[in-house]
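The values are calculated or read from the model by the stated rules, or taken from the named source; none is laboratory data. Predicted model only: the values in this text are computed from it and were never measured. As a convention, Cβ positions derive from the backbone with ideal geometry for all residues, glycine included, and neighbour counts pool all protein chains shown. Heavy atoms of the whole protein, side chains included, go into the accessibility calculation; ligands, DNA and RNA do not. Shrake-Rupley method; radii C 1.70, N 1.55, O 1.52, S 1.80 Å.
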Amino acid sequence: MNALTFTQKITLQHQLNCAALTPNNLANKSITEIASILLGYGKSQLRVDEVFEITGNDAQNIYFKNSSNKLDYLGANMATGCMHIEGNAGAYLGYNLKQGEIHCHGNTEAFAACNMVAGLLKVDGNTGDFLGGASSGLRKGMRGGTVIVKGNAGDRVGDQMRRGLILVEGNVGAYCGSRMIAGTIGVLGDVGGYAGFNMKHGTLLFSKLPKLHATIKDCGTHTLPFLHLLFKSFVPFKTKFSDIKTQRVQRFVGDVACNGNGEILFLSPSQ
Amino acid sequence: MLINGVQIDDTFAEAFNMRGTRVLITAQNLKWAYHAANAMTGFATSVIGCGVEAGIERELNVDETPDGRPGVSILMFAMGSKVLMQQLETRMGQCILTCPTAAAFAGVESEERINLGKNLRFFGDGYQTSKLFANKNGKAKRYWRIPVMDGEFLCEETTGMVRAIGGGNFLILATSQPAALAAAEAAIDAMKQIPNVIMPFPGGVVRSGSKVGSKYKTMFASTNDAFCPTLKGATNTELSPEIESVMEIVIDGLNFEDIAASMRVGIQAICNLGAASGVKRISAGNYGGKLGPHHFKLHEIMAESTS
């Protein structure tokens, strides 16, 4: 069986809702049936075959080629299989991802991994704001799974994140871990201001210490045994985080403005 | 059966169903791992008076422990799941939480889980935090970090509970107390190499083997007079005139095969000393086969050793 491949053949003016194109939705469907699926396009709808050239038949292994940032909701509600995006992706990549793996080789817009439940989302490029955040009206963001970003991420990474792991090898914007409820976010690059703003629980792991606001309190430098387990759990993802050897960190706790017990761990440069 | 001049009685050890668990204790170094483990397995020789039977199974090197520190594995057994859970939590709280640099992790996987750090976390008074880490099989496990005065106490939330067997045993009958003890020590050294078993009594050896019942109404077990050398003339003795000392080794384990293997290597180690060492017979304790479902027949066990 060949991977089911959608090659974008037209330039899109508006955002296209691709939520229907997931392994669980396309299982046991013929090419004809897939071609006739209607996708939301601005105020109208487009058939799949109007936008994509469709080849292959293995719906458990889906490729998007020549993709653009107009393709929203790729991998939304996905519960099985693999999705490879050879290009960019729009907003809400991996929205409510329940299981399986999504690998975006390009950049994504905002709200990637929004409401994500489980599975793995890898982004080779950069991603927009609210990575792992919550969709409008919800009080909990990402609830599980793992997100790996090789490039940079925008503001509000992990906003209201409830559980799971986000690893960003590049830089992140302001308000990283804002309103975070639990989970772990690791950043190897620069971090914008107000990290951990209104954070309740959870762990922010930074290799470069940002300017922290007044309600994040320094608890001193410590050797924390749990970091061995944390770093060991990073190993399968083959990131630069695997190079971290130290268990020595400067620990900040907050946000005390909201009686929070979250932590910012700054990897000690002396190790 | 005679092995190197030592008589192996045609009898069997009678053992019982138990519930067991394994806990991995790590610390900054082996010295402190042993401090924690010795405290946790202290006063855990017999379910009769201690609630559980526990012991150190073996040392763990840094590659075998979840946090990459040296440690030891502990096996703990009880007659029921409720008492096992209760004893485990109590001992975790008083012996591992309190021990400098110690951490505790699950040592056995099973569907049935019992609390390890699940309730200990409340010692953190709200400052405790949990982390979910996926293991090598991708299954997420929850760990608790409890702030304590030496830093952080790290503990897995639960450990597995499995069906186990307790009460495997054999008796060493010797012409003197030193000879019996030397033989017991040789046996224990060999038996410690077998995984999944512990010998819960002091040094692995028990001198006060018991029988069921007593002349006193309040006692449900009393001295095994048939094997007491100083009562040879006063009771229906099992001992021949030259026997002056009897020592017993009791084995608890996670399965029948490993208990049998430990008995085999233990008895073989004694037989290797030869009859000249003072050891004359190896026997075993049972209740006529009516109480315990697991029978460790000495001749069958040692036949594999001699074959």
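The peptide list A:254-262, A:114-122, put in order of mean Cβ contacts within 10 Å with the highest first, becomes A:114-122, A:254-262. Per residue, chain B exposes 45 Å² of solvent-accessible protein surface, assessed with a 1.4 angstrom probe and all protein chains in place. Here the calculated FRET efficiency for B:Glu59 and A:Asn259, from their Cβ-Cβ distance with R0 = 45 Å, stands at 0.55, rounded to the nearest 0.05.
Pairwise Cα distances in the protein assembly as shown exceed 39 Å in 46 percent of cases.
On the stretch A:1-148, 45 percent of the accessible area sits on carbon and sulfur atoms, based on a 1.4 Å probe.
Contact residues in the stretch B:49-72 by the 30 Å² criterion (accessible area, 1.4 Å probe, full protein complex versus chain alone): B:Pro66, B:Asp67. Expressed as a whole percent, the accessible area of chain B that falls on carbon and sulfur atoms is 53 (1.4 Å probe). For the peptide A:223-235, the mean number of other protein chain Cβ atoms found within 10 angstrom of a residue's Cβ is 6.
When only Cα pairs below 8 angstrom with a gap of at least 6 residues are kept, the stretch A:110-267 shows a relative contact order of 16 percent.
Within 10 Å of the Cβ of each residue in B:125-131, the mean number of Cβ atoms contributed by other protein chains is 4. Can you tell me the FRET efficiency between A:Cys219 and B:Phe43 if r is taken as the Cβ-Cβ distance and R0 is 35 Å, rounded to the nearest 0.05? In this case the efficiency is close to 0.40. Considering only beta bridges that DSSP places wholly inside the protein assembly as shown, some 65 percent are antiparallel.
With a simple spin-label model that places each label point 7 Å from the Cα along the Cα-to-Cβ direction, the separation between B:Ala276 and A:Gln45 comes to 9.7 nm. Placing pseudo-labels 7 Å out from each Cα toward the beta carbon at A:Leu138 and B:Gln86 gives an inter-label distance of 4.4 nm. So for chain A, averaging the separation of alpha carbon pairs under 8 Å that are six or more residues apart and normalising by length, what relative contact order in percent results? Worked out over chain A, it gives 10 percent. Between B and A, buried accessible area from a 1.4 angstrom probe totals roughly 1300 Å², ignoring ligands, DNA and RNA. Rounded to whole Å, the principal axis extents of the Cα atoms in the stretch B:19-162 read 38, 33, 33, largest first. Distances between placed amide hydrogens fall under 5 Å for A:Gly145 paired with A:Gly119, A:Leu165, all partners being 5 or more residues away or on another chain. Separation of the stretch B:177-202 from the stretch B:28-98 is 19 Å, based on Cα centroids.
Computed from the C-beta positions of B:Asp125 and B:Gln28 and an R0 of 22 Å, the FRET efficiency is 0.35 to the nearest 0.05. Whole Å is fine, so just give me how far the alpha carbon centre of the stretch A:59-83 lies from that of the stretch A:201-258. The stretch A:59-83 and the stretch A:201-258 have Cα centres spaced 33 Å from each other. Among A:Tyr175, A:Tyr73, A:Tyr41, the residue with the largest mean-square fluctuation in a Gaussian network model of chain A, with springs joining Cα atoms closer than 10 Å, is A:Tyr41. Stretching the chain fully between B:Asp225 and B:Ala134 yields a gain of 27.3 nm (0.36 nm per residue, less the alpha carbon separation). Of the trypsin sites (Lys or Arg not before Pro) found in the stretch A:212-254, those that fall in a DSSP loop while having at most 13 other beta-carbon atoms within 10 Å are A:Lys238, A:Lys245.
Put simply, chain A fits an ellipsoid with semi-axes of 37, 18, 14 Å; these come from the alpha carbon gyration tensor as the roots of five times its eigenvalues, largest first. When the Cα atoms of the stretch B:1-42 are aligned to their principal axes, the ranges along those axes come out at 49, 29, 15 Å in descending order.
Loop-located trypsin sites (Lys or Arg not before Pro) in the stretch B:143-221 (DSSP state not H, G, I, E or B) with no more than 11 neighbouring Cβ atoms inside 10 Å: B:Lys215, B:Lys217. On a per residue basis, the stretch A:110-267 carries 36 Å² of accessible surface, using protein heavy atoms and a 1.4 Å probe. The Kirkwood radius of the stretch A:70-211, taken over pairs of alpha-carbon atoms, gives through the Stokes-Einstein law at 25 °C and 0.890 mPa s a diffusion coefficient of 176 µm² s⁻¹.
Just so you know, the Cα atoms of chain B work out to an Rg and Dmax of 21.0, 67 Å. Checking every one of the chymotrypsin sites (Phe, Trp or Tyr not before Pro) in the stretch A:95-146 against DSSP loop status and a limit of 14 other Cβ atoms within 10 Å picks out no site at all. I'd like the orientation of helix B:81-91 relative to chain B: the angle between its Cα long axis and the longest Cα principal axis, in ° from 0 to 90, rounded to 10. Compared with the principal axis, the helix lies near 70 degrees. Radius of gyration over Kirkwood radius for the stretch A:190-267, both on Cα atoms: the Rg/Rh ratio is 0.98.
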